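Notes for the one structure printed next.
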Amino acid sequence: MTDRRTYSYLGPAGTFTEAALDQVPEARGHDWRPVHNVGEALADVLEGRSHAAMIAIENSIEGGVSTTQDALANNPGLRIIGEYLVKVNFVLVAPPGTKLEDVQVIAAHPVAYAQCHSWLDANLPQHAHVPAASNVASALGVLDGSLPAQAAIAAPGVVRHQDVEVLAEQIGDNINAVTRFVLVSRTVVAGEPTGADKTSLIVELPDDHPGALLEMLEQFSTRGINLSLIESRPIGDELGRYRFVLDADGHIHDERMADALLGIRRYSPRVVFLGSYPRADRRIVQYPDRYADEIFVEARDWLRALIAGEPDDA
């Protein structure tokens with residue numbers, strides 16, 4: 001009999017995070033634990049209440065999710081083991097009987113609110129905003145009166161779970177908006193490379209000097225590694241000090257990636273390896289032939305031969 005596992009996610013039922021978790025085959029049929037925020041989800045993993053947690057890390061409109069990036073930087077012992085993409089759009093919901101003209105205050109998660117500005121400016125230009133913990137919590141808060149608002153921005157899935165009036169659909173500013181989620185576990189050995197992988201890191205610069213960021217980026221460019229994400233976050237100990245969140249195409253088992261990580265480790269006073277895992281889009285990573293694994297292996301063997309005093313090949 002298979003042991004039951006628990007997965008934490010930003011709840012309650014009906015959130016985009018739940019939709020991401022539903023994409024994980026090994027999570028189906030196990031226990032899903034709704035939580036209130038990223039910190040609680042990661043604490044569940046670190047303290048053993050959950051096998052893994054699904055958290056949002058990047059949005060195609062707003063960029064990186066800063067709370068997630070900071071939590072991963074400050075909580076050692078975590079690994080990203082997979083990523084999942086969810087198309088994002090929103091509905092405006094309210095208690096039954098509510099009309100659009102009745103709405104003066106809207107409850108919404110800050111990220112969702114930021115993605116609906118155009119519709120709100122056109123249809124409810126005088127509204128006020130009350131923050132909510134999640135897209136479903138905004139609707140629940142309006143329904144039970146715990147949030148001082150007449151309507152809520154929510155994920156479309158809320159209508160399957162709650163008795164709400166849909167005042168408007170497709171209110172997001174960008175119909176192509178996508179949120180990237182990652183499944184995070186405690187530290188584990190990276191899975192075998194698939195050829196369509198991504199490696200995530202958090203890197204601090206050694207000091208603030210001209211060219212410091214360029215020197216860090218060259219660790220990847222000189223090895224033919226593309227960076228699909230680079231974002232800065234304040235370290236927090238003093239003004240002007242930043243860490244960089246990086247997504248690099250490839251896997252730690254790739255020779256070029258391993259070589260780049262050694263370079264980064266020599267360069268940076270602190271490197272957080274977040275994991276190597278399959279890309280959500282399963283797109284095979286392309287690179288020039290001169291950066292193939294066998295080229296790195298041959299170069300290393302050549303150097304060992306020189307050190308050993310072996311004769312050069314004719």
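The values are calculated or read from the model by the stated rules, or taken from the named source; none is laboratory data. This is a predicted model, so every value here is computed, not measured. Positions of Cβ are backbone-derived with ideal geometry, glycine not excepted, and every protein chain shown enters the neighbour counts. What goes into the accessible areas is simple: the full protein's heavy atoms, side chains included, and nothing from ligands, DNA or RNA. Shrake-Rupley method; radii C 1.70, N 1.55, O 1.52, S 1.80 Å.
So which residues in region 70-91 are surrounded by 22 or more Cβ atoms within 10 Å (Cβ to Cβ) and assigned to a helix (DSSP H, G or I), if there are any at all? Hit for region 70-91 is Leu72, nothing else.
If you go through region 276-302 and pick out every residue that is touching a residue at least 60 places away in the same chain (Cβ under 8 Å) and of a type in the set (A, V, I, L, M, F, W, C), you end up with 3. For Asp259, the conditions (1) free of Cβ contacts under 8 Å to residues at least 60 places away in the same chain; (2) assigned to a helix (DSSP H, G or I); (3) surrounded by fewer than 13 Cβ atoms within 10 Å (Cβ to Cβ) all hold with the exception of (3). Residues in region 269-292 that are open to solvent by 50 Å² or more (accessible area, probe 1.4 Å), modelled with pLDDT under 95 and over 21 Å from Phe181 (Cβ atoms): 7 in all. Cβ-Cβ distances below 7 Å connect the following pairs, each with a first residue in region 222-245 that is more than 20 Å from Gly63 (Cα to Cα) and open to solvent by less than 60 Å² (accessible area, probe 1.4 Å), a second residue that is of a type in the set (Asp, Glu) and part of a strand (DSSP E or B), and a separation of six or more residues or different chains: Ile225/Asp249. Out of the residues in region 5-50 that are assigned to a loop (DSSP other than H, G, I, E, B) and within 18 Å of the chain's Cα centre (by Cα), state the one that is surrounded by the most Cβ atoms within 10 Å (Cβ to Cβ). Among residues in region 5-50 that are assigned to a loop (DSSP other than H, G, I, E, B) and within 18 Å of the chain's Cα centre (by Cα), the one surrounded by the most Cβ atoms within 10 Å (Cβ to Cβ) is Thr15. One residue is enough: does region 242-255 have a residue meeting the conditions at pLDDT 95 or above and in a helix (DSSP H, G or I)? Scanning region 242-255 turns up at least one residue that is at pLDDT 95 or above and in a helix (DSSP H, G or I).
Yes or no, residue by residue, for (1) under 17 Å from the mean Cα position of the chain (by Cα); (2) closer than 21 Å to Asn74 by Cα:
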| residue | (1), (2) |
| --- | --- |
| His209 | no, no |
| Leu214 | no, no |
| Gln219 | no, no |
| Glu238 | no, yes |
| Arg243 | yes, yes |
| Asp247 | yes, yes |
| Pro269 | no, yes |
| Val272 | yes, yes |
| Asp293 | no, no |
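Scanning region 92-103 for residues that are outside any helix (DSSP H, G or I) and either buried (at least 19 other Cβ atoms within 10 Å of the Cβ) or of a type outside the set (S, T, N, Q) (or both) yields a count of 8.
Cβ-Cβ distances below 6 Å connect the following pairs, each with a first residue in region 150-179 that is over 10 Å from Val136 (Cα atoms), a second residue that is modelled with pLDDT under 95 and basic (Lys, Arg), and a separation of six or more residues or different chains: Val178/Lys87.
The set of residues in region 24-33 being out of contact with any Asp or Glu (no Cβ under 8 Å at 6 or more places or on another chain) and closer than 22 Å to Ala137 by Cα consists of Asp31 alone.
Over 25 Å from Ile295 (Cα atoms) and part of a loop (DSSP other than H, G, I, E, B): is that true of Gly191 in this structure? So Gly191 does not fit the description; no.
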